[in-house]
Amino acid sequence: MTTEKQVLQPAGWAAPRGYANGVAASGRQIFVAGQIGWNAHCEFESDDFVAQLRQTLANIKAVLAEAGAGPEHIVRMTWYLLDKREYVARGREVGAAYREILGREFGIAMTAVQVAGLIEDRAKVEIEVTAVVPVQG
C-alpha cells in the first residue's frame with residue numbers, strides 16, 4: 001500500500017525539481033536516523049561520493065523495510081553534504097543513483113545542507129528520513 005500523501009505546492013510558485021516544497025500525510029510514522037555510505041558491517045567500500053550516496057540510500061531502504069515500508073512511504077529527507085560543489089557537479093550521477101535505489105519518488109520534502117564535517121571521517125554524505133505508512137483497516 002502506498003502512502004496517501006498530499007504534495008503541498010502553493011499556487012503561483014515555480015515547481016521544484018526532484019522534490020516537493022511540503023508534504024502532508026497520515027499514518028504510522030517511521031524515523032530513520034542519519035545513514036551514511038558504509039555497509040552492514042560499518043565498513044566503507046569506497047571514498048567516492050556517488051558510491052557512498054548509493055550505499056546510503058540502500059541503507060535507508062533496508063531500515064525502512066524493517067518497518068514494512070519502502071521508498072514510496074518517504075515524506076521527508078534531510079541530506080548533510082561535505083561538499084555542495086561536488087553534489088551539484090555530479091547531479092546527473094546523484095539522480096541516477098537516487099532513481100536506481102529509491103525509484104521515481106519525488107513527492108518528498110527535502111533539505112540539503114553543506115556541513116563542516118560528519119562524525120565518521122570517511123563519510124561524505126549523511127541522510128535522515130521520515131516515512132509514513134498508512135494505517136490498514
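Within the same chain, lysines fewer than 8 places from LYS5 are excluded, and of the rest, those with a Cα less than 24 Å from its Cα are LYS61. Estimated from helical segments only, the mean residue ellipticity of the chain at 222 nm is -8000 deg cm²/dmol, where each DSSP H run of four or more residues counts as -39500 (n - 2.57).
FRET efficiency for the pair ALA15 and CYS42, taken as 1/(1 + (r/R0)^6) with r the Cβ-Cβ distance and R0 = 41 Å, rounds to 0.55. With a Förster radius of 22 Å applied to the beta-carbon distance between VAL113 and PHE31, the computed FRET efficiency rounds to 0.75.
About its Cα centre, the dipole of the chain is roughly 540 debye, where the only charges are +1 on Lys and Arg Cβ and -1 on Asp and Glu Cβ. The angle separating the long axis of helix 91-102 from the principal Cα axis of greatest extent in the chain is about 60 degrees. Loop-resident GluC sites (Glu not before Pro) (DSSP state other than H, G, I, E or B) in the stretch 1-70 with no more than 14 further Cβ atoms inside 10 Å of their Cβ: GLU4, GLU43, GLU45. In this label model, ALA67 and ARG85 are separated by 3.7 nm, measuring between points 7 Å along each Cα→Cβ vector. Over the C-alpha atoms of the stretch 59-137, the Rg to Rh ratio, Rh being the Kirkwood estimate, stands at 1.00.
A compact globular protein would have a Cα radius of gyration near 2.2 N^0.38 Å; the ratio found for the stretch 54-94 is 1.38.
By DSSP, what percent of the beta bridges with both residues in the chain are antiparallel, rounded to the nearest 5? Percentage antiparallel, nearest 5: 70. Of the peptides 6-19, 23-36, 73-86, 112-125, the ranking by mean beta-carbon count within 10 Å, highest at the top, reads 73-86, 23-36, 112-125, 6-19.
Each value in this text was obtained by applying a stated rule to the coordinates, not by laboratory testing. Computed from a prediction, not measured in an experiment: that's the story for all the values here. As a convention, Cβ positions derive from the backbone with ideal geometry for all residues, glycine included, and neighbour counts pool all protein chains shown.
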